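Structure, as structure tokens:
Here, each number is a calculation from the coordinates, and none is a lab measurement. Only a predicted model underlies this, so the values are computations on that prediction, with no experimental measurement involved. When we count neighbours, we look across all protein chains shown, and the Cβ atoms used for this are built from the backbone with ideal geometry, even at glycine.
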Amino acid sequence: MVTAIDTLRIYERLRVAELSDRAAKEIAEVFREFIEDRLATKKDVEFAKSELKAEIAKSKTELELKMVSIRSELELKIESTKTEIAKSKAETLKWILFLLWVGQLFAMFAMFKAFIK
């Protein structure tokens with residue numbers, strides 16, 4: 001990682017503060033290492049940004065595929081439910097018509113019986 005840190009300036013300021021040459025060099029080097037190890041450069045940020053964009057695009061594609069799959073399953077279930085409802089309606093109508101027919105037979109039988117007496 002390339003980081004612009006002016007170790008010479010740090011060294012000179014420490015020397016002005018009357019630190020020994022060796023101590024000033026060591027402190028300036030510690031600052032440089034610390035900054036290089038922990039700070040991100042624009043290149044690092046751009047790399048992380050591109051990785052995030054790729055991950056987001058991948059997740060978006062996966063989500064869209066799942067949504068299509070779920071939508072297909074839902075449409076199948078809706079069609080299945082519609083078919084079951086239609087069958088149920090037909091069955092109910094069949095029973096209603098049967099009961100009406102039976103009721104008419106009883107009514108006709110009762111009228112016939114009353115007519116015969």
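Checking the conditions here, which among 26, 18, 73, 55 is out of contact with any Ser or Thr (no Cβ under 7 Å at 6 or more places or on another chain), acidic (Asp, Glu) and not in a helix (DSSP H, G or I)? Walk me through how you get there before you give the answer.
On the way: 26 fails: not in a helix (DSSP H, G or I); 73 fails: not in a helix (DSSP H, G or I); 55 fails: not in a helix (DSSP H, G or I).
Sole residue among the options that is out of contact with any Ser or Thr (no Cβ under 7 Å at 6 or more places or on another chain), acidic (Asp, Glu) and not in a helix (DSSP H, G or I): 18.
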Next on the checklist: I'd like to check something: does region 43-54 contain any residue that is touching a helix residue (DSSP H, G or I) at 6+ places or on another chain (Cβ under 9 Å) and surrounded by 10 or more Cβ atoms within 10 Å (Cβ to Cβ)?
Outcome noted: no
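Would you call residue 35 assigned to a helix (DSSP H, G or I) and farther than 30 Å from residue 9 by Cα? Before you say what the answer is, go through the steps one by one.
On the way: assigned to a helix (DSSP H, G or I): yes; farther than 30 Å from residue 9 by Cα: no.
The answer is no for residue 35.
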Next on the checklist: Would you confirm, using the coordinates I've provided, whether residue 48 is within 48 Å of the chain's Cα centre (by Cα) and not in a helix (DSSP H, G or I)?
Outcome noted: no
Item to check | Failed item in (1) over 19 Å from the mean Cα position of the chain (by Cα); (2) of a type in the set (Asp, Glu); (3) more than 30 Å from residue 6 (Cα to Cα), with residue 29 passing the rest | outcome: (3)
